[in-house]
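Colleague: Structure incoming, see below.
The values are calculated or read from the model by the stated rules, or taken from the named source; none is laboratory data. This structure is a prediction, so every number in the text was calculated from the model and none was measured. Cβ sites come from the backbone with ideal geometry, for glycine too, and all protein chains shown count toward neighbours.
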Amino acid sequence: MTSNADLFARAQRVIPGGVNSPVRAFRAVGGTPRFIQRAQGAYIWDAEGSRYIDYIGSWGPMILGHGHPAVLEAVQKAAVDGFSFGAPTEREIELAEAIIGLVPSVEQVRLVSSGTEAGMSALRLARGATGRNKIIKFEGCYHGHADALLVKAGSGLATFGFPTSAGVPEDVVKHTLVLEYNNLAQLEEAFATQGSEIACVMIEPIAGNMNFVRASVPFMTRLRALCTQHGALLVFDEVMSGFRVALGGAQSVYAKLIPGFEPDMSVFGKVIGGGMPLAAFGGKKDVMSQLAPLGPVYQAGTLSGNPVATACGLATLQEISKPGFFEALSAQTQSLVRGLEAAARDAGVALVGDSEGGMFGFFFASELPQNYGVVMATDKERFNRFFHGMLDRGVYLAPALYEAGFVSAAHTPADIAATVAAAGQALAQG
Ligand SMILES: *Cc1c(COP(=O)(O)O)cnc(C)c1O
């Protein structure tokens, strides 16, 4: 048997850092990444044969658990018919119809292969459709690794940001304004001073890339009003929250709280591919018709709408659309969060959690953070000890305190109970 450590050493010789996406390297928590060999239901097994209860689910896509029979069958059938044609297929229409049927704000949708691609394309479209360059994003929200979106806040209020990656010219991010999440005063100031130049505001409505943080209802209400008033497009990045926090995404959660609420554009990924490379962006017809071949905004993809990926996504959407699916998933996720809180209380440790649908977060803090700065000020050492304490006990949590967690329909009450028991032991240990 090959050990995780051997594989990691071998990987590092041929792949930068040994991984194909940085968070997998365990840099935030230390230790050796687990090399996963297979998965079934709520479990993953590493190269050493150790089993873990999986709370990452490929960072969200595996909402049905791994190896769901209906999805597997759809993928196998599609693979037999052909991997890729570079020509249109009926299944792309079916998936577009399914997305539009579940998300009323979306009238037309274009399929792509990754969340990064979808976010980047949505941004170009928003700029092309409005004829404006400036965009607003929020600190702690991740929208993929397109140049214009790898930006952190500048020093002053409502100033333009700095690149968060080498290789991104300052010229490219000079149109990107980075504001604090849930900060109404900054939002007001940005629109008051530059409202007529803003093409779009991109936001994770329920953020999953700074752990789990909700945009407050007053903040979202005002954001919608300001965008409408100034002619800026409100772009919801629902790559993580879409079809995960609710069947209609986070926008359906806010629509229940804010009468008539809708974003102008939406970006999807993760769950809509069911674990295959598939993402999408969509919105109203007048905006979407600016895209090539109809309009002047260019966007394309050799593997876009891939027949195997669309089969996987469609089968996944069909399963999560079944009556009672989200009620059951939400209840399981809530029981996990309440269980973690209770285990922490018993151990005398401050921990708070929150969840929506099948997405959750917890913080070593006494109240829920409202923005990235507060998230990053929570107890990192405690989180890292807890992460490894859980991993040692067969529970695979996201390996960084700024990541959200995911429960699937395959997690049973016994899995949740085992997780909570492991948490009790891990917390008691310090
Ligand atoms: C994962 C994620 C992305 C990027 O998607 P990739 O498929 O990794 O490129 C973009 N936005 C959000 C909110 C995400 O969670």
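Colleague: Looking at this structure, is G273 within 16 Å of L317 (Cα to Cα) and within 16 Å of the ligand (Cβ to nearest atom)?
Modeller: The answer is yes for G273.
Colleague: Further question: So which pairs qualify, if the first residue must be in the stretch 193-222 and farther than 19 Å from V375 by Cα, the second must be of a type in the set (K, R) and away from the ligand (no atom under 16 Å from the Cβ), the Cβ gap must be under 7 Å, and the two must be at least 6 apart or on different chains?
Modeller: Here the result reads Q194/K134; E197/R132; E197/K134; I198/R132; I198/K134; A199/R127; A199/R132; A199/K134, each pair linking the stretch 193-222 to a residue that is of a type in the set (K, R) and away from the ligand (no atom under 16 Å from the Cβ).
Colleague: Does V337 satisfy the condition of being surrounded by 18 or more Cβ atoms within 10 Å (Cβ to Cβ), touching a residue at least 12 places away in the same chain (Cβ under 8 Å) and farther than 21 Å from A417 by Cβ?
Modeller: no
Colleague: In the set V151, V172, V168, which member is hydrophobic (A, V, I, L, M, F, W, C), over 16 Å from the mean Cα position of the chain (by Cα) and within 28 Å of E367 (Cα to Cα)?
Modeller: Result of the check over V151, V172, V168: V151.
Colleague: Of all residues in the stretch 114-129, count the ones that are surrounded by 21 or more Cβ atoms within 10 Å (Cβ to Cβ) and under 20 Å from G273 (Cβ atoms).
Modeller: Number of matching residues: 7.
Colleague: Could you tell me which residue of the stretch 199-219 is surrounded by the fewest Cβ atoms within 10 Å (Cβ to Cβ), considering only residues that are among the aliphatic types (A, V, I, L, M) and touching a Leu at 6+ places or on another chain (Cβ under 8 Å)?
Modeller: Top of the filtered list is V217.
Colleague: For the stretch 97-111, check the following and say yes or no: at least one residue is of a type in the set (D, E), surrounded by fewer than 24 Cβ atoms within 10 Å (Cβ to Cβ) and more than 21 Å from W59 (Cα to Cα).
Modeller: yes
Colleague: Within 16 Å of the chain's Cα centre (by Cα) and surrounded by 15 or more Cβ atoms within 10 Å (Cβ to Cβ), is that true of H230?
Modeller: Answer is no for this residue.
For (1) in contact with a Cys (Cβ under 8 Å, 6 or more places away or on another chain); (2) free of Cβ contacts under 8 Å to residues at least 40 places away in the same chain; (3) closer than 25 Å to R393 by Cα, each residue gets a yes or a no:
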{"site": "Q40", "(1), (2), (3)": "no, yes, yes"}
{"site": "G60", "(1), (2), (3)": "no, no, yes"}
{"site": "I63", "(1), (2), (3)": "no, no, yes"}
{"site": "A87", "(1), (2), (3)": "no, yes, no"}
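Colleague: I'd like the full set of residues that are surrounded by fewer than 21 Cβ atoms within 10 Å (Cβ to Cβ) and touching a helix residue (DSSP H, G or I) at 6+ places or on another chain (Cβ under 9 Å), limited to the stretch 345-355.
Modeller: D346, A347, G348, V349, A350, V352, D354
Colleague: Look at A78 and say whether it is more than 16 Å from the ligand (Cβ to nearest atom), of a type outside the set (V, I, T) and surrounded by fewer than 18 Cβ atoms within 10 Å (Cβ to Cβ).
Modeller: Judged against the criteria, A78 is not a match.
Per-residue answers, yes or no, for (1) at pLDDT below 95; (2) of a type in the set (V, I, T); (3) in a helix (DSSP H, G or I); (4) closer than 30 Å to L179 by Cβ:
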residue	(1), (2), (3), (4)
P61	no, no, no, yes
L64	no, no, no, no
E73	no, no, yes, no
G86	no, no, no, no
E92	no, no, yes, no
I99	no, yes, yes, yes
G128	no, no, yes, yes
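Colleague: If a residue has to be near the ligand (Cβ under 9 Å from one of its atoms) and touching a Cys at 6+ places or on another chain (Cβ under 6 Å) to count, how many in the stretch 112-143 make the cut?
Modeller: 0
Colleague: Within the stretch 276-294, take every residue that is touching a Leu at 6+ places or on another chain (Cβ under 9 Å) and among the small types (G, A, S) and give me the one that is nearest to the ligand (Cβ to nearest atom).
Modeller: By that ranking, first place goes to A279.
Colleague: Out of all the residues in the stretch 231-257, which are hydrophobic (A, V, I, L, M, F, W, C), touching a Gly at 6+ places or on another chain (Cβ under 7 Å) and more than 15 Å from G283 (Cα to Cα)?
Modeller: Answer for the stretch 231-257, where residues must be hydrophobic (A, V, I, L, M, F, W, C), touching a Gly at 6+ places or on another chain (Cβ under 7 Å) and more than 15 Å from G283 (Cα to Cα): M240, F243, V245, A246.
Colleague: If a residue must be among the hydrophobic types (A, V, I, L, M, F, W, C) and over 20 Å from the mean Cα position of the chain (by Cα), how many such residues does the stretch 254-274 contain?
Modeller: Number satisfying all stated conditions: 3.
Colleague: Within the stretch 48-67, track down each residue that is more than 16 Å from the ligand (Cβ to nearest atom) and either surrounded by 18 or more Cβ atoms within 10 Å (Cβ to Cβ) or within 20 Å of the chain's Cα centre (by Cα) (or both).
Modeller: Selection gives Y52, I53, D54, L64, G65, H66.
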